[in-house]
Amino acid sequence: MNLWDKKAKSYARYNPKLNSIQKQSFEEFKKLNIDFKDKVILDIACGTGVWSLHLAQRAKELIALDSSKSMLDILHQDAKEFKINNIKTYHLSFEDFVSNHPQFHCDIAFLSMAPVLNSKEACQNFIRLAALRIYVTWHHYRQSDFLEPIFRHFNVKAKGFDKENLEDFLTQNHYAFSRFIFDETRKVKRTQEEALENALWHLQMSGAKVSKDELRPLIKSDIDETITSKIKVLIF
């Protein structure tokens with residue numbers, strides 16, 4: 001089981017109501033006259049379908065791609081519950097999908113909050129997959145008043161996303177693109193056990209070898225977490 005399979009059970013799921021970032025993003029898509037109707041969309045690293053199911057309802061077909069089977073299982077459950085039946089899934093990493101489908105091309109490639117653009121080659125592959133590409137990522141490291149003291153305690157630096165900066169790649173290679181920055185603040189309540197699992201997952205994602213027994217003295221009760229982020233959307 002990979003770390004994303006472990007995360008699936010506590011990961012955000014599709015909500016018919018757009019969240020703040022989704023609402024702002026779709027407003028910007030509309031301003032740019034982006035029409036999803038009759039389009040085939042590839043959602044790379046789709047996770048549980050937080051974006052996928054919204055996109056699928058606006059499109060002809062959505063192809064959902066993820067390396068985590070547990071994430072895809074949840075996507076299937078929610079698609080069935082909400083009677084969204086134009087989704088095809090692939091249990092593959094981005095790299096494997098590109099390798100296995102060298103001639104693939106669709107109308108729109110969508111990528112949100114996933115560490116897959118880790119080389120110039122990955123950026124090039126993302127670009128060639130579609131006529132239009134939409135990339136949603138963190139503009140800066142997100143801040144958590146719960147996780148930051150824990151990372152300091154274990155002297156761990158939070159793992160960044162996408163070593164290869166797509167925006168720099170686009171600029172250097174003279175691609176025109178639109179960019180939007182949104183602020184997001186979320187408050188999350190977690191039980192003590194949920195908080196332990198969440199902190200342990202983030203530490204493991206950043207390469208730290210910390211056991212739950214080592215972590216437990218730092219988390220002695222349920223927690224209220226405040227997460228602040230700046231979200232960047234690139235469209236090109």
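The values are calculated or read from the model by the stated rules, or taken from the named source; none is laboratory data. What you see is a predicted model, and the numbers here were worked out from it, not measured in a lab. Please note: Cβ atoms are built from the backbone with ideal geometry, for glycine as well, and neighbour counts cover all protein chains shown. For the accessible areas, the whole protein counts, side chains as well, though only heavy atoms, and no ligand, DNA or RNA atoms are used. Shrake-Rupley method; radii C 1.70, N 1.55, O 1.52, S 1.80 Å.
Could you check segment 19-56 and list, in sequence order, the residues that are more than 23 Å from PHE236 (Cβ to Cβ) and in contact with a Phe, Trp or Tyr (Cβ under 9 Å, 6 or more places away or on another chain)?
As a first pass, look at segment 19-56 and keep what is more than 23 Å from PHE236 (Cβ to Cβ): 19-20, 48-49, 53.
SER20, THR48, GLY49, LEU53, listed by residue number.
Could you tell me whether any residue of segment 81-102 is assigned to a helix (DSSP H, G or I), of a type in the set (S, T, N, Q) and surrounded by fewer than 21 Cβ atoms within 10 Å (Cβ to Cβ)?
The answer is yes; a qualifying residue exists.
When GLU164 is tested against (1) under 28 Å from ILE74 (Cβ atoms); (2) modelled with pLDDT under 95, only condition (1) is not met.
The set of residues in segment 203-214 being under 10 Å from LYS159 (Cα atoms) and without any contact (Cβ under 8 Å) to a residue 24 or more places away in the chain is empty.
So that you can scan it fast, the table gives a plain yes or no per residue for (1) at pLDDT below 95; (2) of a type in the set (A, V, I, L, M, F, W, C); (3) over 18 Å from the mean Cα position of the chain (by Cα):
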residue	(1), (2), (3)
TRP138	yes, yes, no
LYS159	yes, no, no
GLU194	yes, no, yes
LYS230	yes, no, no
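Under the condition of being in contact (Cβ under 8 Å) with a residue 24 or more places away in the chain, more than 30 Å from LEU117 (Cβ to Cβ) and not aliphatic (A, V, I, L, M), which residue from segment 215-236 is least open to solvent (accessible area, probe 1.4 Å)? For segment 215-236, the residue satisfying everything is SER221.
Which ones in segment 109-163 are among the small types (Gly, Ala, Ser) and without any contact (Cβ under 8 Å) to a residue 60 or more places away in the chain?
Hits for segment 109-163 are SER119, ALA122, ALA131, ALA158, GLY160.
Yes or no: segment 37-48 includes at least one residue that is under 19 Å from PHE182 (Cα atoms), open to solvent by 70 Å² or more (accessible area, probe 1.4 Å) and out of contact with any helix residue (DSSP H, G or I) (no Cβ under 7 Å at 6 or more places or on another chain).
We begin by selecting, within segment 37-48, every residue under 19 Å from PHE182 (Cα atoms); these are none.
No: zero hits.
Of all the listed residues (ALA122, ALA176), the sole one being of a type in the set (A, V, I, L, M, F, W, C), open to solvent by 60 Å² or more (accessible area, probe 1.4 Å) and over 22 Å from ILE21 (Cα atoms) is ALA176. Residues in segment 1-44 that are assigned to a loop (DSSP other than H, G, I, E, B) and under 20 Å from LYS230 (Cβ atoms): ALA12, LEU18, ASN19. State whether one or more residues within segment 8-26 are more than 21 Å from VAL188 (Cβ to Cβ) and open to solvent by 10 Å² or more (accessible area, probe 1.4 Å). Yes: segment 8-26 contains one or more residues that are more than 21 Å from VAL188 (Cβ to Cβ) and open to solvent by 10 Å² or more (accessible area, probe 1.4 Å). Within the option set LEU18, LEU65, being farther than 12 Å from PHE110 by Cα, within 16 Å of the chain's Cα centre (by Cα) and free of Cβ contacts under 8 Å to residues at least 40 places away in the same chain holds for one residue only, LEU18.
Going through PHE146, PHE169, PHE182 one at a time, which residue ends up being open to solvent by less than 30 Å² (accessible area, probe 1.4 Å), of a type outside the set (D, E, K, R) and farther than 30 Å from LYS39 by Cβ?
Values: PHE169 fails: farther than 30 Å from LYS39 by Cβ; PHE182 fails: farther than 30 Å from LYS39 by Cβ.
The unique qualifying residue is PHE146.
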